[in-house]
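Shown next, in structure tokens, is the structure this report addresses.
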């Protein structure tokens, strides 16, 4: 694997290989010696054009656990503010010897351009591009689901029914999971109000939950991506589509995921977030392991192509 | 000068005799002319109603000279230069400057298009009357690149222009439906995560403007139609007798939204590439005359403006150098239509709409503006030869036929693959 740009590009075998490797690393992360020499001498740059403290520190810690040198480049206060374009920034980082760029950008396709336009020979890991893809998020969701369902390493999510709920249109998390989870054998349905999830068959979450999903993934309502409000009010959204206490009680065995940061009381209630079926904290933990697995696969010498 | 054994659009083989810029004779075919045209189709020189020459203001992308060279190499003898320059062509001085630069280049007739509104801002009418009466004789008015979205302002512009006899060329795009839009709304926006651009944004304005043209009597030219429903609306308006004409670009005839799947910014264009079904409807509309003309929307951009992430890259692609080849592919090579329709869509219809009566016809007494086609000279496109910009969407494609010479006002502006120095 040369780059990780999109879950569309992952076949089942590679996806399971990443999950297995992450699963192993996640157990090792519990040990006291938590540092591995895998990427010694490699330089990894986190190139973030959008603020995302959670994702950035997760990647940074993953690279450090693997002994890479890590440089954090954020668009605020850098040459970008002085008008430097993406191509020039990439070439500058290449000249400094970056082996991998972990890229977060507001433009869909920015990572694809960096990987394929000849601007840099560094490996590219997409850490979120516009409304397009956030592949490590989907991988960590898949790992959390596999653990939550007590499925062994080496296997997928075959036969599991997963509901993705909310702002599908603006969500790279939804898009990444809609590509990855079916590759792993799961049945996935995206639901939400029509202005978020065009073509949705259900009028509200209650109807959608009647399909008896094995897990629900609640998406964050991303107000910052809407040119104009696509829902009448927070209150109405929560009434129709929020994962309230009553709804959680209707599906007692259903696992609950949320990519964070959560809008408590809007798309997810505190009851749901903190229930026994919630995987929210294991998602964060698995994020670190998945990112370590991806970085070692890309920079650690294995040369599979996908 | 005698051009011997020219095959004309209707298949007749004739000698053309040219003197002092004028066609003085159309005579029985012979073999002893100054130029043997026995293997060539000779068509009236092409007329483009939709070119961005970028001068003044954006000379890093194109100039009147380089755009004229690209046009001559593509068989064009007249082109209409869009108003979105800097300064904007919204006054008699700027349009006259552009026309004079065209005369100085001397390769095609350059006819400026005037802005409908001052500064293309969509707020206040520009000095349309002064531009109409200027030396540049502006006949087409457009805010191209921007839609005149205010319905009342569009109605006023049409009412004002109607008695003068000009044409409003509208870039149909309801702006509230396309904030931040990047690619067609549908399969491609789903694949790429790029913001969708619904075709209803275009169709709603086409319908509105058709109704206004009927009410005001002002001629409306719909720029670059892209969708099946858009074609149907124009067909309906024409059946009702509304004074509406329409244009399609070469790229919307042969390229689809799927070109954008790898974020190759050469395919970022406004309006966006649509679906296969749309391209088929556009070809059908072009064949049956619902769509009157092929207009290039030649939109050169310097490499800096294109070597960007998709959202930041400029909209537009070049077209002057390949428009004929695309027209030949969809009309003649496909077997769907014929040379006469090609000559009409590329030359006589745009000449009529733009009011350049010295173009568009091969007749005794007409100015000698001609395109010479080798129907069997195939060409693999390797990029633009004359345009200053490289954003050519056809690079790598192969076409079955080529322009070999172009005659402008009785002299060769392009001959044997070389533009006149």
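Here are some notes:
- The conditions of being under 12 Å from the mean Cα position of the chain (by Cα) and closer than 21 Å to residue B:125 by Cα are met by residue B:80.
- Taking the conditions (1) in a helix (DSSP H, G or I); (2) within 14 Å of chain A (Cβ to nearest Cβ); (3) in contact with a strand residue (DSSP E or B) (Cβ under 7 Å, 6 or more places away or on another chain) in turn, residue B:194 satisfies each one other than (1).
- Considering (1) in a helix (DSSP H, G or I); (2) at pLDDT 95 or above; (3) within 14 Å of chain A (Cβ to nearest Cβ), the lone condition that residue B:340 does not fulfil carries the number (3).
Yes/no matrix, rows are residues, columns are (1) modelled with pLDDT of 95 or more; (2) buried (at least 22 other Cβ atoms within 10 Å of the Cβ); (3) farther than 22 Å from residue B:191 by Cβ:
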residue: B:265; (1), (2), (3): yes, yes, no
residue: B:268; (1), (2), (3): yes, yes, no
residue: B:276; (1), (2), (3): yes, no, no
residue: B:286; (1), (2), (3): yes, yes, yes
residue: B:291; (1), (2), (3): yes, yes, yes
residue: B:296; (1), (2), (3): yes, yes, yes
residue: B:301; (1), (2), (3): yes, yes, yes
residue: B:319; (1), (2), (3): yes, yes, yes
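- Selection count, the range B:321-337, where residues are surrounded by 21 or more Cβ atoms within 10 Å (Cβ to Cβ) and part of a helix (DSSP H, G or I): 8
- Any chance residue A:199 is in the same structural domain as residue A:171 (by TED's automatic domain parsing), in a loop (DSSP other than H, G, I, E, B), at positive phi and under 22 Å from the mean Cα position of the chain (by Cα): no
- The helices (runs of 4 or more DSSP H) falling completely within the range A:1-112 that include 2 or more residues that are over 19 Å from residue A:136 (Cβ atoms) and either away from chain B (no Cβ under 14 Å) or out of contact with any strand residue (DSSP E or B) (no Cβ under 9 Å at 6 or more places or on another chain) (or both) map to A:86-95.
- Restricting attention to the range A:113-130 and to residues that are part of a loop (DSSP other than H, G, I, E, B) and in contact with a strand residue (DSSP E or B) (Cβ under 8 Å, 6 or more places away or on another chain), the residue that is farthest from the other protein chains (Cβ to nearest Cβ) turns out to be A:122.
- Failed item in (1) facing chain B (nearest Cβ under 9 Å); (2) modelled with pLDDT under 95, with residue A:133 passing the rest: (2)
- Evaluation of residue B:181 against (1) in a loop (DSSP other than H, G, I, E, B); (2) surrounded by 22 or more Cβ atoms within 10 Å (Cβ to Cβ); (3) touching a strand residue (DSSP E or B) at 6+ places or on another chain (Cβ under 7 Å) (one fails), failing number: (2)
- Candidates B:377, B:388, filtered to the one that is in a loop (DSSP other than H, G, I, E, B) and in contact with a helix residue (DSSP H, G or I) (Cβ under 9 Å, 6 or more places away or on another chain): B:388
Listed here are the residues, each with its yes/no results for (1) outside any helix (DSSP H, G or I); (2) under 21 Å from the mean Cα position of the chain (by Cα).
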| position | (1), (2) |
| --- | --- |
| B:99 | no, yes |
| B:130 | no, no |
| B:163 | yes, no |
| B:173 | yes, yes |
| B:188 | no, no |
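- Within the range A:227-246, residues that are within 14 Å of another protein chain (Cβ to nearest Cβ) have Cβ atoms under 6 Å from residues that are surrounded by 12 or more Cβ atoms within 10 Å (Cβ to Cβ) in these pairs: A:230/A:195, counting only partners at least 6 apart in sequence or on another chain.
- Number of positions in the range B:132-155 that are over 23 Å from the mean Cα position of the chain (by Cα), surrounded by 15 or more Cβ atoms within 10 Å (Cβ to Cβ) and closer than 21 Å to residue B:245 by Cβ: 1
- If you go through the range B:305-317 and keep only what is surrounded by 22 or more Cβ atoms within 10 Å (Cβ to Cβ) and under 19 Å from the mean Cα position of the chain (by Cα), you end up with B:316, B:317.
- Checked against (1) over 14 Å from the mean Cα position of the chain (by Cα); (2) touching a residue at least 12 places away in the same chain (Cβ under 8 Å); (3) more than 26 Å from residue B:206 (Cα to Cα); (4) away from chain A (no Cβ under 14 Å), residue B:324 passes all but condition (1).
- Note on the range A:137-177: residues that are more than 14 Å from chain B (Cβ to nearest Cβ) and in a loop (DSSP other than H, G, I, E, B) amount to 13.
- Residue that is surrounded by the fewest Cβ atoms within 10 Å (Cβ to Cβ) [pool: residues in the range A:202-226 that are part of a loop (DSSP other than H, G, I, E, B) and under 19 Å from the mean Cα position of the chain (by Cα)]: A:222
The values are calculated or read from the model by the stated rules, or taken from the named source; none is laboratory data. Quick caveat, the model's predicted, so the values are computed rather than measured. Cβ coordinates were reconstructed from backbone atoms using ideal geometry, including for glycine residues, and neighbour counts include every protein chain displayed.
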